[in-house]
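Novice: Pasting a structure below so you can have a look.
The numbers here are math on the coordinates, done by the rules we state, and not lab data. A quick note: this is a predicted structure, and the numbers were derived from the prediction, not measured. Please note: Cβ atoms are built from the backbone with ideal geometry, for glycine as well, and neighbour counts cover all protein chains shown.
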2 protein chains.
Amino acid sequence: MNIETFVDRSLGRWRSQRSSHNLAFQHSEEVLSTVDIVSVAASDPSVAELCKAQGFEPAAAVSPFHMAWQGESDWDDDEKTEGSCLLVPIADPDGAPNQGKLLRSKGYAEEMPAVGEYRFTEEGVFVLITPYDRASAEERIWFGTPNLRFRVSMIRTSDGKGVVTASFSSEIRAKAES
Amino acid sequence: MNIETFVDRSLGRWRSQRSSHNLAFQHSEEVLSTVDIVSVAASDPSVAELCKAQGFEPAAAVSPFHMAWQGESDWDDDEKTEGSCLLVPIADPDGAPNQGKLLRSKGYAEEMPAVGEYRFTEEGVFVLITPYDRASAEERIWFGTPNLRFRVSMIRTSDGKGVVTASFSSEIRAKAES
């Protein structure tokens, strides 16, 4: 698996069902949302802008994409979670096809830009580790079928020892709409 | 990773938090349960009995264990789910350390014995595929920390194309009890 293929398979509209586990209190929160993943031209000015802001050469950008989501939580009918961000994979400087960096214009976990490191396992699982100030996020994304994506996310404390929350998303490709 | 180490790390009492996703209807069910995993001597008569019933040599059994669980569903206060089974890993006949079969005396998904095939990925994820009459179950189990296990399960239709349900469990090691 490489990032071009992975992004290509991820494009489209997905209906996402997410369960978040608060591990200390053993309670769960369910969120249904719609996720739209759209390809962005490498020549788009926003790509070069994000690369430069994070200190990367725009020429190293591979398969940039835009992600937007809109959801509702079951804990508060008035709480609608929506957002969007630009994601720019950066090729490995040594040319390794199965790893690189991922720039994000702003996060869904935190409202700030982030730079993560991704790699693909031999089974094609996309693993992304994003360090934050006091924690790091670890995401694993894989396809059950071409129309079904799974995503497991964990937030670890910065010493790497504790996992605070874990979440699981099932993402089903929405029917093509006219 | 090999099966001896994996079973060894899994021994003990775990507090499990499971979210099951019905993919067609996008509804979730939450179950909290306690899982006890206990080592069983390879010489225990129940091990030889299960091996013979499934057509395997008892001498091929590696690190057998017993699993018991007790839980409650949020859908029906009266519904208590509990059960237990004997699990017997069988060494690969060609001696591969990272794969083999797993015999189960009866299932938690179905009340019948089962024979699954397991393997470990390069990252140490335990992957178990168990065929049933009209479906197959695929489980992926890995450790987030020594005291935190994750488990993702999917039920696929027998043609392998459709995934009917998917579930995610966070399992936290319970404090040692006297």
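Novice: Non-local amide H neighbours of B:Ala174 (under 5 Å, H modeled in plane, Pro and chain starts lacking H): which ones?
Specialist: Under 5 Å from the amide H of B:Ala174: B:Arg13, B:Trp14, B:Arg15.
Novice: Let me ask something else about it. Springs between alpha-carbon pairs under 10 angstrom, Gaussian network model over chain B: which of B:Phe25, B:Phe56, B:Phe168 fluctuates most?
Specialist: Among B:Phe25, B:Phe56, B:Phe168, the largest mean-square fluctuation in the Gaussian network model of chain B belongs to B:Phe25.
Novice: A further question on this structure: Name the longest site-free stretch of chain B, where the excluded sites are trypsin sites (Lys or Arg not before Pro) in a DSSP loop with no more than 16 other beta-carbon atoms within 10 Å.
Specialist: B:1-105
Novice: Please compute the average number of Cβ atoms from other chains found within 10 Å of each residue's Cβ in peptide A:29-35.
Specialist: Mean shielding count: 2.
Novice: If you count, for every residue in A:164-175, the Cβ atoms of partner chains within 10 Å of its Cβ, what is the mean?
Specialist: Other-chain Cβ atoms within 10 Å of each residue's Cβ, averaged: 4.
Novice: Show me, for region A:131-142, the HN-Hα J-couplings you get by feeding each phi into the Karplus relation (A = 6.51, B = -1.76, C = 1.60, θ = phi - 60°), rounded to Hz, glycine and proline as x.
Specialist: For region A:131-142, the Karplus curve yields x, 10, 4, 10, 7, 9, 9, 10, 10, 10, 10, 8 Hz.
Novice: Stretch B:Lys175-B:Asp133 to full length: gain in nm at 0.36 nm per residue minus the Cα-Cα span?
Specialist: Roughly 11.2 nm would be gained on extension.
Novice: Describe numerically, in nm with one decimal, the distance between label points set 7 Å from Cα along Cα→Cβ at A:Ser46 and at B:Asp94.
Specialist: It is 4.9 nm.
Novice: Under 5 Å between amide hydrogens, which residues at least 5 positions from A:Gly162 or on another chain qualify, with H placed 1.01 Å from N in the peptide plane?
Specialist: A:Thr157
Novice: Per residue of A:56-64, how many C-beta atoms from partner chains lie within 10 Å of its own C-beta, taken as a mean?
Specialist: For this peptide, the per-residue mean of nearby foreign Cβ atoms is 0.
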